[in-house]
Amino acid sequence: MASTVARSYTLSNGIQMPSVGLGTYRVRDQDTLDTCILEALRAGYRLIDTAAVYKNEAAIGNSIKRILEENLVPGLTRADIFLTSKLAPKDQGYDACYKAVLESLQNLQMDYIDLYLIHWPGTSKLKLPDPQNATNRMESWHALEDLYRVKKLRSIGVSNYTVHHLTQLVERPRRDHHHATLSSADRSIAPTSTASLARTMVVPHVHQFEMHPRLLQRDLLEFCRHHRIQVQAYSSLGEGRLIALTPPPAPAMDAHYNSAPLPGALDIMPDLIRKYFAPLLPPIDLGPVIDDEEQRKADYAKHSAQILLRWGLQHGAVVIPKSTQPERIRNNLDLFSFEIDADIVVVRAVDVDGSSHDSDVAV
Ligand SMILES: NC(=O)c1ccc[n+]([C@@H]2O[C@H](COP(=O)([O-])OP(=O)(O)OC[C@H]3O[C@@H](n4cnc5c(N)ncnc54)[C@H](OP(=O)(O)O)[C@@H]3O)[C@@H](O)[C@H]2O)c1
């Protein structure tokens, strides 16, 4: 299967979104973020993913500000960076969402954010079946639409929505007014004309959800394709757990790695048999190719991470691997000069659940 993968995708509003970005979940320490973000931008990453609940927006803002001011990546400007943040579930609702975005802008020390997502379809402290969840997330969406219209957000989207949640959003009735009760300071950038608001019916530009070979989520992929919503995959590496379980590339897929052909059953199997029986095969043994045990493990992890990420790209998704290790950050971007057969990426994960995250979602 031949496929090409773009370095950026064009969103439905014409904005360019890089196809690979840096995840930052659980990374809060300023020095670590300084190192990771500089490493990533020097390596060629242009997308950084954060969220209010990660509590690292301010530190990320500091890192980027310093990199730009001190020209640590020569020629790089704010306009070259695609920054994503997300609404905390405690801030669902029109006013709370509006204020939360302003707070994110302040934390990040930015005039605008490239993509803002509703992080989760539910609201903190509400029970899952509570119908207020649906009301709140629609109100949050209205706030994002308004902030999009005044160009504080260049694109808007959702995260962890099911097809049910997306359908509610895409097939909603037209809005004819908004219920802003903002302070005068906040209103200074609020829309002034309800007539123009009525025209602002935005279909999400992006949907970010967990997606990897153990959790394909075909229904969401199909819905997003149909509605021109860009898919962004998170936890492509299963938070690291899928790496050890994913075989390195078979020789047929391996022009990129420039290594000697690897021994193993996959070498000699016709495509069809590979496709249906690969899940049952034993691991490919890299031992004879790479003598040194540590090197073997490092190489295996590198290849496996790249396969998992390339798999996401070949499904048309943006991928946002998280790493705090410079070498891994660089390797995780090295995804454009090889090809895999995405149908036969096999994760030997008999004992790993599909999802890394809580799958109970609000109504
Ligand atoms: N919207 C949401 O609800 C949501 C949920 C989860 C995640 N996300 C976003 O998606 C990003 C990525 O997902 P994730 O953080 O869950 O996990 P992930 O990217 O699937 O995996 C990250 C883990 O893999 C390790 N790793 C990374 N590259 C590696 C390599 N080349 N070789 C070996 N190990 C490697 C990292 O360790 P080291 O750091 O030590 O390298 C880390 O432990 C997050 O950081 C966040 O920005 C969003």
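The values are calculated or read from the model by the stated rules, or taken from the named source; none is laboratory data. This structure is a prediction, so every number in the text was calculated from the model and none was measured. All Cβ positions, glycine included, derive from the backbone under ideal geometry; neighbour counts span all protein chains shown.
Across the stretch 117-152, which residue is farthest from the ligand (Cβ to nearest atom) among those that are more than 13 Å from residue 363 (Cα to Cα) and touching a Lys or Arg at 6+ places or on another chain (Cβ under 7 Å)?
For the stretch 117-152, the residue satisfying everything is 142.
Does the stretch 96-134 hold any residues that are out of contact with any strand residue (DSSP E or B) (no Cβ under 6 Å at 6 or more places or on another chain) and acidic (Asp, Glu), and which are they?
Those that are out of contact with any strand residue (DSSP E or B) (no Cβ under 6 Å at 6 or more places or on another chain) and acidic (Asp, Glu): 103, 111, 130.
Out of all the residues in the stretch 99-107, is one or more free of Cβ contacts under 8 Å to residues at least 12 places away in the same chain, surrounded by fewer than 18 Cβ atoms within 10 Å (Cβ to Cβ), within 16 Å of the ligand (Cβ to nearest atom) and at negative phi?
No; the residues of the stretch 99-107 include none that is free of Cβ contacts under 8 Å to residues at least 12 places away in the same chain, surrounded by fewer than 18 Cβ atoms within 10 Å (Cβ to Cβ), within 16 Å of the ligand (Cβ to nearest atom) and at negative phi.
If you scan the stretch 45-84, which residues turn out to be among the hydrophobic types (A, V, I, L, M, F, W, C), crowded, with 20+ Cβ neighbours inside 10 Å and farther than 25 Å from residue 209 by Cα?
Across the stretch 45-84, the qualifying residue is only 64.
Taking the stated definitions as given, is residue 361 within 14 Å of the ligand (Cβ to nearest atom), over 24 Å from residue 207 (Cα atoms) and modelled with pLDDT under 90?
no
Just the residues that are closer than 17 Å to residue 222 by Cβ and polar (S, T, N, Q), please, taken from the stretch 148-167.
Answer for the stretch 148-167, where residues must be closer than 17 Å to residue 222 by Cβ and polar (S, T, N, Q): 162, 167.
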